[in-house]
1. Out of segment 84-120, which residues are among the aliphatic types (A, V, I, L, M) and under 15 Å from the mean Cα position of the chain (by Cα)?
2. Residue under question is L43, and the condition is that it be loosely packed, with under 11 Cβ neighbours inside 10 Å and either modelled with pLDDT under 95 or not small (G, A, S) (or both); does it hold?
3. Only one residue in P90, P37 is closer than 28 Å to E160 by Cβ and either exposed (fewer than 13 other Cβ atoms within 10 Å of the Cβ) or in contact with a Leu (Cβ under 6 Å, 6 or more places away or on another chain) (or both). Which one?
4. Consider R108 carefully, then state whether it is farther than 30 Å from A128 by Cα, assigned by TED's automatic domain parsing to the domain that holds S166 and buried (at least 16 other Cβ atoms within 10 Å of the Cβ).
5. Looking at (1) at negative phi; (2) part of a loop (DSSP other than H, G, I, E, B); (3) at pLDDT 95 or above; (4) not hydroxyl-bearing (S, T, Y), which is the one condition that is false for A72?
6. If the requirement is being closer than 26 Å to A105 by Cα and at pLDDT below 95, which of these qualifies: P192, P173?
7. Can you tell me which of V97, V85 is among the β-branched types (V, I, T), closer than 30 Å to L169 by Cβ and assigned to a helix (DSSP H, G or I)?
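The values are calculated or read from the model by the stated rules, or taken from the named source; none is laboratory data. Just so you know, these numbers come straight off a predicted model, no measurement behind them. Neighbour counts are summed over all protein chains in view; Cβ atoms, including those assigned to glycine, are modelled from backbone coordinates with ideal geometry.
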Amino acid sequence: MLALVSVDGPATPYAIRKVFLDSPSPQWSGSAGTIYPLIDRLLRRKLIRSKLCLTGKRRGHQISLTTAGLRALRLWLSLPIPDWVAGVPPDPLRTRVRFLGAIRASQRTAFLQNAYQRTQAHLRAVEADCERKRAKGEFQYLMARGALLSMQSRCAFLREVAEVLSVRLKDGPGLAKGKQRATRKTRSVAPPGFPTARVSASFGSEMRWNRRGSGSTISQTARTCRRT
């Protein structure tokens, strides 16, 4: 939250909430009952300030970071990166795969098919979000690109699991023909004015940067700073 206020502020509480509402990640809640109480807590702790303003013909408030809030944000971004941030992230889907031996073969097939189709659906949402952020600047785009690579890797992982278990996966409804093959190809993914990146989207991919320029810093969507 502090990171969002830092890069997008001064902004209205609703503008900050809308970042969460527009996120393709199901991990974030953009509900008023989650965002506004958090903003109130940050105000009480004097990490953000609120200023009365006019929005069109309506009066409202804009929030921005205080000196204490900026200090907390910089602490959140400080080194060294904690192991729980840099290490293998939690993945409930991967964990379930570990215990597929506890169910029958027909149930494993149904599990993998459902997991694959649902993961594809989320992949399409992330692809659309990545395209929207392509023109918004390097950091917003790079965060979206990271989410895209993560979802592509999950799909590739499920295909690998299915191959080991001799399960033939079917694409989910609405997935364009040939889409699965297309996501495996190496292609240019850089936003305008940013170094060209060529990325293999297959599982365990590598990224190679061809520096041809630099992008402009605009905005970065960041997760709620729970320590604040």
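1. V85, the sole residue that qualifies.
2. Against the criterion (loosely packed, with under 11 Cβ neighbours inside 10 Å and either modelled with pLDDT under 95 or not small (G, A, S) (or both)), L43 does not qualify.
3. Result: P90 is the single residue among P90, P37 that is closer than 28 Å to E160 by Cβ and either exposed (fewer than 13 other Cβ atoms within 10 Å of the Cβ) or in contact with a Leu (Cβ under 6 Å, 6 or more places away or on another chain) (or both).
4. For R108, the condition - farther than 30 Å from A128 by Cα, assigned by TED's automatic domain parsing to the domain that holds S166 and buried (at least 16 other Cβ atoms within 10 Å of the Cβ) - is met.
5. (2)
6. P173
7. Matching residue, one of V97, V85: V97.
So that you can scan it fast, the table gives a plain yes or no per residue for (1) exposed (fewer than 13 other Cβ atoms within 10 Å of the Cβ); (2) more than 18 Å from Q27 (Cβ to Cβ); (3) without any contact (Cβ under 8 Å) to a residue 12 or more places away in the chain:
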| residue | (1), (2), (3) |
| --- | --- |
| I63 | no, yes, no |
| R94 | no, no, no |
| R104 | yes, yes, yes |
| A115 | no, no, no |
| R134 | no, yes, no |
